[in-house]
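These notes are about the structure you will find just below.
Read-outs throughout are calculated quantities, based only on the coordinates presented, and are distinct from any laboratory measurement. Predicted model, so just to flag it, every value in this text is computed and none were measured. Glycine gets a Cβ as well: all are built from the backbone with ideal geometry, and neighbour counts include every protein chain shown.
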Amino acid sequence: MKLILKIVGGLFALLLIAALAVGSWYLYKKQPVRSGTLPLDHLSAKVTVRYDERGVPHIEAANQTDMYRALGYVHAQDRLFQMEMVRRLAKGELAEILGPKLLDTDKLFRTLGIRARAKAMAAAMDMSTPANKALLAYLDGVNQYQDHNRSPVEFDILGIPHTPFTPEDTVAVSGYLAYSFAAAFRTEPAMTFIRDKLGADYLRVFDIDWHPEGVLAPTTALKDNDWKGLNRIAQVSQEAMDLASIPLMEGSNAWAISGKRTVSGKPLLAGDPHIAFSTPSVWYEAHLSAPDFELYGHFQALSPAALLGHNMDFGWSLTMFQNDDMDLIAEKVNPDNAQQVWHNNQWVNLETRTETITVKGAAPVQLTLRHSPHGPIINDAFKDSLGDTPIAMWWAYLETENPILQAFYELNRADTRDKAREAVSKIHAPGLNIMWANAKGDIGWWAAAKLPQRPVGVNPTFILDAAKGEAEKPGFYAFTFNPQEENPARGYIMSANHQPKPSSGVPVPGYYNLADRAQRLDSVLSNPKIRWDTQAAQALQLDTSNGYGLRVLKDLMPVLQSVVTDPNDKAFLEPLTKWDGNYTTDSIAPTLFTQLMYELAKSAMEDEMGEVQFKNLLKTRALDFALPLLVADANSPWWDNKNTKAVESRFETVRIAWVNTLKHLQGLYGTSLLDWRWGAAHTLTHNHPLGRQKPLDWLFNVGPFPVPGGRETPNNLSNAIGPAPWAVSYGPSTRRVIDFADASQSVGINPVGQSGVRFDKHYADQAERYAAGAYVPQHLDEDDVKAHTESTLTLKPGR
């Protein structure tokens, strides 16, 4: 019997070893190849790709066409699954591989019209231009990798078929980039609901001027069923990013300092675009060189032009402009013909198109989508939850030429202010702030966007009334009217998603971030005693303070001190009384403050707005603006709970919020304040699309890491307003600092790693350093590249 058991045990061990061997071989064949020689069709000469210690490819080619073809190849071997996911999200094709749970997301993106717009734009592209030749070469490299190599693990798990990548995909992804800045879906329904359902007194705390002429007339006033539908669209808009784990563009910091303010005497450029965290991260770093071109760039999936970049002569960063380039419009319907709406003093027919969504494990879904003169009818995709009012979406991305590839192709080569300004003028949507500097001493900032002309008195923060002519756009302002600045006398330019003050006087409505982060940056940058160098710029990027908390507590603390009378509770209040507004990992006050802000908003506002609208409001920046004004106004109608017979005061509602704050935090962390540290409650996890399905989370996700910073601090490791614990949702997608005294000594960091291939050594090799606030070199000088080359891949012509 013992012999039999030994034999069985031995056989089981052999089977286990064999399985492990097969599994190891399977994963080994999925890994990127970074050394040796590989054939690549259509090259005119060999291309050398040297990989440094972080897996960044340094590509050296005999000409730019070969350079871009090689970039496509190496980008694909590190990020093919990311490329696949982002094109499917933009084109509304996720349900085909992820099943019915992504159907609403696909419906939304089909309705937005990105797929149809991309198809039309790609068909009209002149493929003989240098920018489009670069695109074709790049996509050829991507497709050659896909055609001749094993699929990533994710392709096998999800059963994703190989489909060639096309210029249409690249254009569609640029549409997703434009959409990801649009706060309209979350904000405009909420603000219109407050205006029309609750009234001016409730709207006042959001710091929005009251415009009686903007109220919808009875003929097109939104009904309860309409609000349900708009709520659903707002939810799906957010779920689109949450479910697919595709990075969402959120904010950013950037500044350029002239040589008269720096230690080196040359301009210094710093930038950290704020983007939703994911695995892999959004940027792919690559150093490109050909005899007539050199750039260290940060590239987005399916684009050959770097969106961030520098060389020895110039460089640029970007922030999100946050201008409002998307309007929601309530159409007036012909009572005798539901397929007609009122436009230019007459009834006009709605256009229709039909699209089919393939759904994994289910029957295909056919959509009939309508289009008014103002844009697509966005609620057609959710008919089961909507009322009768068609809501159209006017969007600059659908209404402009938007040659964004050409713009960034030129910006990659813009070594003078004039060239940079001209390149930036070609960015129509999304709105971007471009911060630029060169080694000759120039600095510049341009707010890039096609700014629409709107009728006088129209506030696009609300859903517009088509019947009143509020939705009409006479045209666009010329680029010269955009906010911009070049070589200012003060010696620096800064952008932090705040409301700009254009010298032209042209109004620029938008969904701007709180002023507190910009004010913090400006207060430091304007200090004449500071002589700027790389270390000083790093310290400012990692700054974890702002004035928001102290601004709120100035009016809230006297109320809290009258509310909190129990000696034990006073001990819990003490950290707030001593807080300096800094969000360090070992601080207790940020935990208390952040939970209290959620409880205060919930106690004051959920009863009037309802659960769904309140959840949508939590995801807007409008609430950040409202809370300081709310706590300062003892007579605000928000303090009363409509669900009770009594009339609650500010005192009573603050008391409820404080009690709920302590109850929630004690339930999570116990009664010892020492366990309420910010780093314990505020963590960063880089989520992979497959990591939302247990147990795949432990395999693909990276983290969690305790991190400092917070909502609208310079180190903007931001969390949504909500109950503890707080998962950091977005923050610096890279931190870069370039001193043009010697741009080869620039530094940066990737939040996770260069590679999107699981078990590759560069999958997450920068994650801990990023969380700790570290920086790493970005090798540009030839001697540095040689010294840090860990492997060399040679791509040769032909197969």
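Of the labelled options (i) 1.45; (ii) 1.04; (iii) 0.97, which one gives Cα Rg over 2.2 N^0.38 Å as computed for this structure?
(iii)
Quick one: Cα centre-to-centre distance for the range 719-776 and the range 94-149, in angstrom?
27
Amide H to amide H, which residues 5 or more places from G510 or on other chains are under 5 Å from it, using H placed in the peptide plane?
Distant-sequence amide H within range of G510: D324.
At a 10 angstrom cut-off on C-beta neighbours, averaged per residue, how do the peptides 713-726, 736-749 rank from highest to lowest?
736-749, 713-726
Just to verify a number: FRET efficiency for D41 and L550, C-beta to C-beta distance, R0 = 60 Å, to 0.05?
0.45
Measure up K29/K786; K107/K645; K260/K554 against 31 Å on the Cα-Cα distance and list the ones that go over. Don't skip to the end; give the middle numbers.
Working: K29/K786 28 Å; K107/K645 43 Å; K260/K554 38 Å.
Too far apart for the 31 Å limit: K107/K645; K260/K554.
Out of residues 5 or more away from S545 or on other chains, whose amide H comes under 5 Å of its own, with H placed 1.01 Å from N in the peptide plane?
Amide H to amide H, under 5 Å and 5 or more residues apart or across chains, S545 pairs with Y583, N715.
Taking Cα centroids, how far is the range 454-533 from the range 265-279 in Å?
Cα centroid to Cα centroid, the span is 20 Å.
Helices from the chain with mean Kyte-Doolittle at least -0.5 and a Cα length along the axis of 20 Å or more, per DSSP H: which?
2-28, 548-563, 589-609, 650-669
Could you pull out every residue, at least 5 positions away or on a different chain, whose amide H is within less than 5 Å of the one on D533? Hs are placed 1.01 Å off N in the peptide plane, and Pro or chain starts have none.
V263
Which of L623, M312, A467 sits closest to the plus end of the dipole of the chain, meaning its Cα is farthest towards the positive end, when Lys and Arg get +1 and Asp and Glu get -1 on the C-beta?
M312
Sort the following peptides by mean Cβ neighbour count (other Cβ atoms within 10 Å, averaged over residues), highest first: 253-266, 558-571, 308-321, 447-460.
Numbers: 253-266: 21.4, 558-571: 13.4, 308-321: 25.1, 447-460: 19.8.
Ranked from most to least packed, the peptides come out as 308-321, 253-266, 447-460, 558-571.
Please report the spacing between the Cα centers of the range 311-388 and the range 545-615 in Å, no decimals.
Here the two parts' Cα centres lie 40 Å apart.
With only Lys, Arg, Asp and Glu charged, each at its Cβ (+1 for the first two, -1 for the last two), find how big the charge dipole of the range 51-531 is about the Cα centre; round to the nearest 20 debye.
For this selection, approximately 700 debye.
With each label point set 7 Å from Cα along the Cα-Cβ vector, what nm distance links T416 and I4?
A separation of 9.1 nm, rounded to one decimal place.
Along the charge dipole of the chain, Cβ charges K/R +1 and D/E -1, which of P483, S733, T671 sits furthest on the positive end?
After comparing all options, I get T671.
To the nearest 20 Debye, how big is the dipole of the range 482-573 about its Cα centre, given +1 on the beta carbon of each Lys and Arg and -1 on that of each Asp and Glu?
That gives the range 482-573 a dipole magnitude of about 200 debye.
Taking every DSSP beta bridge that has both residues in the chain, what percent is antiparallel when rounded to the nearest 5?
Details: 88 of 101 bridges.
Taking every DSSP beta bridge within the chain, about 85 percent pair in antiparallel fashion.
How would you order 684-691, 604-611, 756-763 from highest to lowest mean count of nearby Cβ atoms within 10 Å?
684-691, 756-763, 604-611
Which one, I427, V506, T166, is farthest towards the positive end of the dipole of the range 51-531 when Lys and Arg carry +1 and Asp and Glu -1 on their Cβ?
It is V506, whose Cα lies furthest towards the positive end.
Check each of the GluC sites (Glu not before Pro) in the range 329-410 and keep only those in coil by DSSP with at most 13 other C-beta atoms within 10 angstrom; list them in order. Please report the intermediate quantities before stating the final value.
Values: sites: E331, E351, E355, E399, E401, E410; in loops: E331, E401.
Filter output for the range 329-410: E401.
Helix-only estimate, please: 222 nm mean residue ellipticity of the chain, summing -39500 (n - 2.57) across DSSP H runs of length 4 or more and dividing by its residues, to the nearest 500.
Value at 222 nm, helices only, nearest 500: -11500 deg cm²/dmol.
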